[in-house]
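Okay, so here's the structure we're looking at.
Coordinate-derived values only; no laboratory data. These figures come from a predicted structure and were not determined experimentally. Note that each Cβ is placed from the backbone with ideal geometry, even for glycine, and that neighbours are counted across all protein chains shown.
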Amino acid sequence: MDPLTFGPVRIHLGDKSGKYPDGNQVVVQGADTRVAFDTPLVAERIGAELDDVDMVILGHVHEDHMVALGRLARAQVQVHEADLAAAQSWAGLARHYGYPPPVLARVREMIERDFGYQPRPDATGYADGAAWDLGGGVRVRAHHLPGHTAGHCALVVESEGVAFIGDIDLTGFGPYYGDATSDLAQFERSLERVKDIDAKVWVTSHHRGVITERAAFLQALEQFRHKIDERGDRLLGWLRERPHTLDQLVARRLLYPVGVELPYVDSAERRSIGLHLVQLQARGAVRAVGGDGYVAA
């Protein structure tokens with residue numbers, strides 16, 4: 001498929017519009033500098049246009065966004081400072097995931113096999129509001145939108161009004177906040193803040209691809225945000241049935257269908273359910289019972 005073009009911005013859609021494990025690749029060409037936003041699996045099929053980039057700006061760090069970093073050895077790599085350690089080493093990425101050691105061992109094997117994972121110890125950090133002048137009036141700015149990860153950012157090509165909003169991906173799966181640096185409350189705030197970014201084109205990492213109408217973007221964003229409410233309601237419904245321990249809630253699966261077997265699923269469920277329980281307890285909707293149990297208040 002030919003890339004979609006918006007002035008100096010070219011968007012290479014991954015398989016099924018970047019459905020995980022693939023993603024969508026953005027390349028921006030200024031008069032002086034060419035940059036890529038992330039490098040998903042589709043990066044392996046692009047060739048010279050990507051091989052010649054001067055810089056890769058990561059919107060956040062996860063295995064599916066780092067596929068070609070080993071291949072692009074001459075390109076600078078920049079990432080928000082809160083995700084920087086996760087890009088620089090396996091030890092940093094392991095802390096970023098936060099899974100138990102046996103799970104991390106299986107995850108490392110998986111990401112090296114399936115995503116060509118290689119750390120970039122030379123990566124450097126940027127902060128919220130960082131701007132890159134690519135020459136010829138082409139300018140990119142980072143907007144910090146944490147929640148998915150601590151350093152998750154939207155990358156906006158201001159000259160064209162193209163916003164790469166990363167894993168605010170507007171999928172039917174809904175927001176993912178299953179890792180150690182994920183934060184549900186921050187994600188909810190970011191879902192409000194992303195509305196204020198001045199853009200006319202919105203590009204997601206996964207599945208939705210490109211949206212060119214603001215009304216359609218806002219509708220998709222609201223549906224995406226509503227998945228958080230649906231999960232909270234479902235969790236509360238289980239606790240109205242009877243008290244549950246966290247282990248029992250994890251076994252029922254809030255995020256993934258029962259039967260999905262990936263190394264990190266139980267860990268992601270545990271982290272996500274725990275974040276929901278904190279919110280529900282703060283609202284007085286849930287209370288702890290019996291030392292390790294929870295029940296609807």
Based on the Kirkwood radius over alpha-carbon pairs, what value in µm²/s does the Stokes-Einstein equation return for the translational diffusion coefficient of the chain at 20 °C and 1.002 mPa s? 109
Stretch D52-V278 to full length: gain in nm at 0.36 nm per residue minus the Cα-Cα span? 76.7 nm
For E158 and A297, FRET efficiency with R0 = 35 Å and r from the beta-carbon atoms, rounded to 0.05? 0.15
Added length on full extension, which subtracts the Cα-Cα distance from 0.36 nm per residue, D32 to Q76: 14.4 nm
Label-to-label distance, nm, for residues given as D133 and L246 (7 Å Cα→Cβ offset): 5.0
Expected 222 nm ellipticity per residue - DSSP helices of 4 or more, -39500 (n - 2.57), all of the chain, to 500: -10000 deg cm²/dmol
If R0 = 30 Å, then A285 and E213, at their Cβ-Cβ distance, give a FRET efficiency to the nearest 0.05 of 0.25
Farthest positive-ward along the chain dipole, Cα basis, beta-carbon charges - from G178, L249, I46: L249
Listed with the fewest Cβ neighbours within 10 Å leading, I197, I57 appear as I197, I57
The answer for the chain, counting only DSSP H helices whose Cα atoms cover 30 angstrom or more along the axis and whose Kyte-Doolittle average is -1.0 or greater, is 214-241
List the lysines whose alpha-carbon lies under 20 Å from that of K16, not counting same-chain residues fewer than 8 positions away? none
Could you work out the Kirkwood radius for the range 227-296, taking every pair of different alpha carbons, averaging 1/r and inverting it, reported in Å? 12.1
Quick check for me: using +1 on Lys/Arg Cβ and -1 on Asp/Glu Cβ, what's the dipole size of the range 227-296 about its Cα centre, in debye to the nearest 20? 200
Give, in nm to one decimal, the length gained when the segment between K195 and V258 is fully stretched (0.36 nm per residue of separation minus the Cα-Cα distance). 19.3 nm
Quick check: pseudo-label points 7 Å beyond the Cα along Cα→Cβ at A91 and D233, how many nm apart are they? 4.7
With +1 on each Lys and Arg Cβ and -1 on each Asp and Glu Cβ, how big is the dipole of the chain about its Cα centre, in debye rounded to the nearest 20? 820
